[in-house]
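I have placed the structure first, in the form of structure tokens, so that the comments after it can refer back to it.
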Amino acid sequence: MDDINRRIVAHLLRDGRASYAEIGDAVGLSAPAAKRRVDRMVARGEIAGFTVQVSPEQLGWKIVAYVEIFCRGNISPAALHRDFGPIPEVVRVDTVTGEADALVQIMADSMADVERIVETFRVSARVDKTRTAIVMSRVIDRPVRSV
């Protein structure tokens, strides 16, 4: 990745809705040249996608929890995706080192919803046990700023 592409990515990290003209102006390219570079980075997998950040509280998600998942035997990332992907309150699933096999972040409206979601995890034939931590407050919450 050359310096111009790094600057394009940095600009997109600051403003994912920036137009190609704005990106081009920021890095010294025309809008079509900026678009070609972004398209090539997407094609190569350097840019994995575009997303939006939401305010959980504004959407009614009052509770954030992290659930450690302990599985029977080995479990693949594909199986985790298959099992937890359809659950709308699941916002992130990571495989991790240590005793747990995965760490799942959920956002929910109430403690009853947290309990329901965790019970959904526990009834999976692959899950042996779970351990849940409820977020009390966010101290730092920032996106990746540069590459």
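The values are calculated or read from the model by the stated rules, or taken from the named source; none is laboratory data. It should be emphasised that the depicted structure is a prediction, and the values quoted were computed from it without experimental measurement. Counting neighbours? That spans all protein chains shown, and the Cβs are built from the backbone with ideal geometry, glycine included. Ligands, DNA and RNA are stripped out before the accessible areas are found, and what is left, the full protein with its side chains, is counted by its heavy atoms. Shrake-Rupley method; radii C 1.70, N 1.55, O 1.52, S 1.80 Å.
Just a few scattered comments:
- In degrees, nearest ten, helix 31-44 long axis to first principal axis of the chain (Cα): 40 degrees
- The angle between the Cα long axis of helix 111-122 and the longest principal axis of the Cα atoms of the chain comes to about 80 degrees, rounded to the nearest 10.
- Crossing angle, helix 3-14 versus the chain [Cα axis fit, 0-90 degrees, rounded to tens]: 50 degrees
- Relative contact order, percent, the range 13-52 [alpha-carbon distance under 8 Å, six or more residues apart]: 31 percent
- Global geometry of the range 63-105, whether rounded, prolate or oblate, following the gyration tensor of its Cα atoms and the 1.5 cut on a/c: oblate
- Ranking of Glu68, Glu22, Glu89 by solvent-accessible surface, largest first: Glu22, Glu68, Glu89 (1.4 Å probe, protein heavy atoms only, all chains present).
- Alpha-carbon Rg/Rh ratio, for the chain, with Rh computed the Kirkwood way: 1.08
- Solvent exposure ordering (accessible area, 1.4 Å, most first) of Thr130, Thr120: Thr120, Thr130
- Test item: Cα-centred dipole of the chain, Lys/Arg +1 and Asp/Glu -1 on Cβ, debye: 380 debye
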